[in-house]
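The values are calculated or read from the model by the stated rules, or taken from the named source; none is laboratory data. As the structure is a computational prediction, the values presented were derived from the model and not from experiment. All Cβ positions, even for glycine, are placed from backbone atoms using ideal geometry, and neighbour counts span all protein chains on display.
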Amino acid sequence: MKNIENIRKFLKERLQQDTTTLYGYENERNQVIDLLARAANGESNSALLVGPRKCGKTTLVNSAILRLLQRESFVTNTSIISLNGLVHIDDRSALKSITSQMNLNREVEGKVFNSFSENLSFLLSCLKKGAKNQGLIFIIEEFDLFCAHHNQTLLYNLFDVAQSAQTPICVLGLTQRLDVMELLEKRVKSRFSHRQIFLLQENNFNDYLEIFKKLLKLPKPYEFDEWKSQKMSLEFSETNVTKLPFLRRIFDPTSFNFHKNSITEWNKSIKKLCGDEKMVKSLESFFHFDSSIASLKLLMFQFISKLSICNYEKLRSSDLIKLIERVKEDDKVTLITGLSVLEVCLLIAIKHHCDIYDNDPFNFEIIFTRFDKFSVKSTSMQNISRETILRCFENLRHLELIAPVGIEGKVQKEYQMYKSLIFASQIDDAVHKYQNLPTEVEQWAKSSLI
């Protein structure tokens, strides 16, 4: 049992803390490595790393820096400064963070600066005095949020220093917005190198399945030896204070010890698990739902937690299938299954209207007329007052399943036009999952013919 606890702890820590292992994007990583290495050689540059959320932008940069930290010339000749648009909400807070990360708080203390550029120039001059040819690497996450800062002063000064070659500086921005260049002011854009590196997600389930296996399997003894040699090569980086925040984020597997037989038995169980066809099909459906590695890691963390909750010695495919079904649940579908039968009938009437009239807006009178035709031939939906139906219709609006079109209040509420905020497929799923729904309502949901 103690061995299982150790395995669970290792797998969880690797999923949470390993921010440097990159899957794919080899060409893009090589470009970033080349870009950052030039700062150590005294060359200034700037670039943007563009890709959707959770595609691995931060992991790619961390992986590139980890490679470079094994070069002594890079460690001694560069300082890494990290900024984040979600944390540094204005240029003043960003400048304080830069000062702190450059360890220049004492030099700045008590001084008064007339402008942002004067403050930044002073910091760079202090850096020159301390170390000749010391390169600066600025990693700016959520780059698009810095574009909203007043006059884009920080970006202007950083790009200006990079262009004028006053100090070796590399500015690397990370963003998910494809239109980020349009957010830059003309004076900022003119000083930017216009180099953009795009991360396009590769949708390949076979590679996705291999990553799933790799994250669940325990490393073999020779892999532990490789990690130990890497750790030794990084020891000299610890003397550079600016690298310490980054080094603390590196996952250290060498603190774990596993018996050779335990590794073999566990890896055999994972191989058997991945041979389950139902589990593979379920994982494939999750891949089509969300193909990012970040989401896969989050799913696997919950899966591995079953080892402690249920006291299992092995992972079970049925648990993963249930987890995937729960994650894929549509909130709107769950909401609809909790509505009254009358409200579900109104949604079915809205669905048929949108199918027939190609998603044209509708009002209460249109939906009431369609529902009334059904209720005449229905045995379970007769003798319902118009006021009750109107209240149910308004409830759909309060639940944001429908939304008004145009300005409200200019017409009577029965004639206010609305549009549907849910898809026909969501209504069909809800009808299928709704417990004890009258058979005639289910049949009406399948066909608009009454």
Within the group Ile197, Ile211, which residue is outside any helix (DSSP H, G or I) and either basic (Lys, Arg) or under 22 Å from the mean Cα position of the chain (by Cα) (or both)?
-> Ile197
Output the residue which, of all residues in region 27-62 that are among the charged types (D, E, K, R) and modelled with pLDDT under 90, is nearest to Leu154 (Cα to Cα).
-> Glu43
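Which of the residues spanning region 290-314 are hydrophobic (A, V, I, L, M, F, W, C) and modelled with pLDDT of 85 or more? Steps first, answer last, please.
At the first step, the residues of region 290-314 found to be hydrophobic (A, V, I, L, M, F, W, C) are 293-294, 296, 298-301, 303-304, 307, 309-310.
Ile293, Ala294, Leu296, Leu298, Leu299, Met300, Phe301, Phe303, Ile304 - these are the residues of region 290-314 that are hydrophobic (A, V, I, L, M, F, W, C) and modelled with pLDDT of 85 or more.
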Those residues of region 387-417 which are in a loop (DSSP other than H, G, I, E, B) and either in contact with an Asp or Glu (Cβ under 7 Å, 6 or more places away or on another chain) or of a type in the set (Phe, Trp, Tyr) (or both) amount to Gln416
Report whether or not Tyr208 is loosely packed, with under 14 Cβ neighbours inside 10 Å and either at pLDDT 65 or above or charged (D, E, K, R) (or both).
-> no
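Scanning region 337-386 for residues that are hydroxyl-bearing (Ser, Thr, Tyr), over 39 Å from the mean Cα position of the chain (by Cα) and part of a loop (DSSP other than H, G, I, E, B), which turns out surrounded by the most Cβ atoms within 10 Å (Cβ to Cβ)?
If we take residues in region 337-386 being hydroxyl-bearing (Ser, Thr, Tyr), over 39 Å from the mean Cα position of the chain (by Cα) and part of a loop (DSSP other than H, G, I, E, B), then Ser378 is surrounded by the most Cβ atoms within 10 Å (Cβ to Cβ).
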Output the residues belonging to region 92-110 that are of a type in the set (Gly, Ala, Ser) and either at negative phi or in contact with a Gly (Cβ under 7 Å, 6 or more places away or on another chain) (or both).
-> Ser93, Ala94, Ser97, Ser100
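I'm trying to understand the selection: among the residues of region 10-46, which are within 22 Å of Phe212 (Cβ to Cβ) and in contact with a Gly (Cβ under 7 Å, 6 or more places away or on another chain)?
Taking region 10-46 and keeping what is within 22 Å of Phe212 (Cβ to Cβ), we get 10-26, 29.
Selection gives Leu22, Tyr25.
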Those residues of region 157-173 which are modelled with pLDDT of 90 or more and either outside the structural domain of Phe146 (by TED's automatic domain parsing) or in contact with a Phe, Trp or Tyr (Cβ under 6 Å, 6 or more places away or on another chain) (or both), in sequence order = Val171, Gly173
Tell me which residues, restricted to region 414-439, are in contact with a helix residue (DSSP H, G or I) (Cβ under 8 Å, 6 or more places away or on another chain) and under 18 Å from Phe374 (Cα atoms).
-> Ile427, Asp428, Val431, Leu437, Pro438
Count - residues of region 387-418 that are at pLDDT 90 or above, loosely packed, with under 11 Cβ neighbours inside 10 Å and charged (D, E, K, R) = 1
Only one of (1) polar (S, T, N, Q); (2) free of Cβ contacts under 8 Å to residues at least 40 places away in the same chain; (3) closer than 26 Å to Ile270 by Cα fails for Asn203. Which number is that?
-> (2)
